[in-house]
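First comes the structure, then the notes that go with it.
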Amino acid sequence: MSDEAAPIRPLEGLRSATALVRAMARFGRKRLAVALTFLVLGNVTEGISILLLLPILTLAGRGAPDYAIDLGGRHVLGYALPDVSVGLEILLGAIVVLVALQAAFNRVKAVYLSDLLQDFANGTRAGLFSAVASARWETVVRMRRADLEHALTGEIDRITFSGFVSLNLMQIVVGLAIYFVLCLAVSVPMTLFAFGFGLIALLLLKPYRKLAERFGQKIQSARTVQARLVSEFISGLKTARSMNQEPMHVAQFERTLDATKADAHDYARRNALGNGLFQVALAIGAAGFVLISLRIAGLEMSQMLVLLVILMRVTPRFQGVQAQVQALLVDLPAWWRVADLQQRLEANREGGRGFASAPVPVPRQEILLDRVTYRHKEGSEEAALSDCTIRLPVGQATALIGASGAGKSTVADIVMGLIRPEAGRFLVDGRELSEAERRGWREHLAYVPQETFLLHDTIRANLAIVAPQATEAEMREALADAAADRFVAALPDGLDTRVGDRGTLLSGGERQRIALARAFLRRPAVLILDEATSALDWESQSRVAEALARRAGRMTVLTIAHRPSMVAFADRVYTLEAGRVVEEGAMADLMRNGEGHLARMFAHEASEPGRRRLAQGA
Ligand SMILES: Nc1ncnc2c1ncn2[C@@H]1O[C@H](COP(=O)(O)OP(=O)(O)OP(=O)(O)O)[C@@H](O)[C@H]1O
């Protein structure tokens, strides 16, 4: 994800809300249609109950003793009413029935809208989640983890709120439309005056909507920065503490909070002025309305009172339109950003829709990187791999050695089908894998990196992730091969011991051994170890190496290591230097070449200063 917040599209106000409602409708067109129907029914019944005030007020004004009104000869919206006489009791009863109906309609509407909102929130979140899961590795790895986490949590909450606001806005607009028609039934010119006035006031408030839009963008950037700071702080908490860096982090975080507060204060101050002006404008409109109704239009008192009742309901709705549009504009950037992110991820989906994968047969001969070149950053000068040919014969162990940054992990990523060569080919039994086959290919793999991934759960659960059907005996065998059996047996709850958040209750070496056991339990055709035993003591490393040697012929192993014990069991060794293969050959042959990289690595290990001192002391 780029550092800059995604640009806000030139959509504003009602158009933005419409776009969002359309997006919501994708999660339940029928539901939205039902909710809209009940919304209209609710508003119509409310409106009719208000219109019924008209005959009641007329009766009250006339002071007739029978309190009955003849409908004959009267017209509503151009339609003649039936020639009947209606009493006060009937009118009041009708109002009560209408209000009860309105409550029932509103209830149905509220339930449908709430379900729709929930589906929209969940659907958006799940859509983004699965877009991250199914995007090509190159795409995901170039995005910031903090941005993805923030998009899936904080941004989604803002989007849900935007959805809520859009639905409110939709309700207000539908309400206004219905009141417009009802007002027309009472007086056409006065309706045009009242609604025209409201619309003009809304138009004049455009600068305040621009203000909300700008504030929304500022908030968006500030929250993105805050999410990044939080993520970096939490990931590096121990290091920060060890070097007394917490005050620096806290000060940095507080600075961003202060900036947000200043922006919010400025927005609230200016916005309050806008709201105040709007209120005054509407009051002027109402006063003008009464004056014109009585002095110029010559409305009857009952008509004017009904129009006033309607006006009292219409005015807050006009205010509501402005308030909801502003609220929407503040939070809408989160929606555009997540939509943008999801679009980018989906455009770079690995394979077909969902997690479809095409089956790939178990490799029988060799896995080959054929003259592969790869650059992590497009257009960069530095290639992580340049013209590398590396052969992994099936059933054999191949070791990759070389200085830090030489390109070893990049080779592992190619073998896992996570990244694709920029030039050259990656072949399994002489065949290039299609997009859909990459997932199928990974069915045969197990990968153990230096940085292990453990769930905050028991050891048993952590092992079962890759082999849910594994028996306890199989688990214990895998633990023994990973030199983890003794320490697990010594834990108070054995296999059922919880490992803490990301395994923090275990030591680094213990975590690596559980991860190794998990890989063994998967019984992969190809095992990739990327400095997987870097935190293990030499005795544990030797046990793991022995277990790997025992599997010789049955499993293809790619081992990346800096320590000889995890290389010694390999059949072939490749040395990488700045992305190029500078040495390759059978283990035994390379060991005989005393000047070669491999022989020097072994010699260096044997002559480590500590060892020398021990040897001297002995
Ligand atoms: N995601 C990435 N984006 C940009 N550059 C990267 C990325 N990953 C690796 N590189 C660069 O590619 C080169 C090879 O990296 P790679 O991780 O393959 O080396 P390595 O031999 O595995 O190193 P180490 O032994 O330290 O793990 C390095 O220069 C590294 O900086």
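Restricting attention to region 262-281, the residues being surrounded by fewer than 13 Cβ atoms within 10 Å (Cβ to Cβ) and of a type in the set (A, V, I, L, M) number 5.
Here the condition is being buried (at least 18 other Cβ atoms within 10 Å of the Cβ), assigned by TED's automatic domain parsing to the domain that holds D370, within 16 Å of the ligand (Cβ to nearest atom) and aliphatic (A, V, I, L, M); of V411, V428, it holds for V411 alone. Taken over region 523-569, the criterion of being away from the ligand (no atom under 16 Å from the Cβ) and at pLDDT 90 or above is satisfied by R523, P524, A525, V526, L527, M555, T556, V557. Scoring I234 on the criteria (1) over 21 Å from P333 (Cβ atoms); (2) open to solvent by less than 70 Å² (accessible area, probe 1.4 Å) leaves a single failure, condition (2). You will find that of Q324, Q342, the residue that is surrounded by 22 or more Cβ atoms within 10 Å (Cβ to Cβ) and in contact with a helix residue (DSSP H, G or I) (Cβ under 9 Å, 6 or more places away or on another chain) is Q324 and no other. Restricting attention to region 357-401, the residues being within 16 Å of the ligand (Cβ to nearest atom), assigned to a loop (DSSP other than H, G, I, E, B) and touching a helix residue (DSSP H, G or I) at 6+ places or on another chain (Cβ under 7 Å) number 1.
Only one entry of L152, L205, L229, L199 meets the criterion of being open to solvent by less than 60 Å² (accessible area, probe 1.4 Å) and more than 30 Å from T504 (Cα to Cα), and that entry is L205.
So that you can scan it fast, the table gives a plain yes or no per residue for (1) on the phi > 0 side of the Ramachandran plot; (2) surrounded by fewer than 16 Cβ atoms within 10 Å (Cβ to Cβ); (3) within 16 Å of the ligand (Cβ to nearest atom):
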site	(1), (2), (3)
A403	no, yes, yes
I419	no, no, yes
Q450	no, no, yes
A478	no, no, no
L491	no, no, no
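Within region 282-294, the set of residues being aliphatic (A, V, I, L, M) and open to solvent by less than 30 Å² (accessible area, probe 1.4 Å) comprises L282 only.
The values are calculated or read from the model by the stated rules, or taken from the named source; none is laboratory data. Note that the structure is predicted; figures quoted are calculated from it, not measured. Using ideal geometry, Cβ is built from the backbone for each residue, glycine included, and neighbour counts are taken over all protein chains shown. Surface areas here come from the heavy atoms of the whole protein model, side chains and all, with no ligands, DNA or RNA. Shrake-Rupley method; radii C 1.70, N 1.55, O 1.52, S 1.80 Å.
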